[in-house]
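Participant: Let me begin by handing over the structure; questions about it come next.
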Amino acid sequence: MRWRGDRIISLGVTAATEGGSVQTINAGVREAKMHLSKLLRHVKNGNQVVLTDRGRPVGKIVPIETVELSTAERIQRLEEQGTLGPPPKNQGEAVLHPIPIAGNIAQKYLKEDRDGGEQQ
């Protein structure tokens, strides 16, 4: 890949997608370090960059999807990817409630602890 000023001279593959065409640039690690800002501008325009190490592809920089998903849709997507598992089946049964204690004894012990001594 060759650079001239702010212009990319040689582009890689152009692939057709639903929204139009996506241009792909192949960039070696050294080139990517030297021209990262230019590569990011290219990605911001909807294209992608394939990073190579000694001519072998090792990674890809692609634009972030800006589609807003509902919480339920995000959870479903995470479950499908295997990142998130379904909740345990007995989760709703394990709700703990406070134990009522007569005579405000809990407050007495808390005050005693905070004061650093015994209450009478």
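Participant: Mind putting together the pair-distance distribution for the stretch 22-116? All Cα pairs, 10 Å bins, whole percent per bin, short to long.
Facilitator: 12, 20, 16, 15, 12, 10, 13, 2
Participant: A follow-up question, please. Just subtract the alpha-carbon distance of VAL67 and GLU79 from 0.36 nm times their residue separation and send over the number in nm, one decimal. Mind dumping the intermediate values first?
Facilitator: Details: separation 12, 0.36 × 12 = 4.32 nm, distance 1.82 nm.
So the extension gain works out to 2.5 nm.
No lab work stands behind these numbers, since they all come straight from the coordinates. Here the structure is a predicted model, which is why all the values come from computation and not from measurement.
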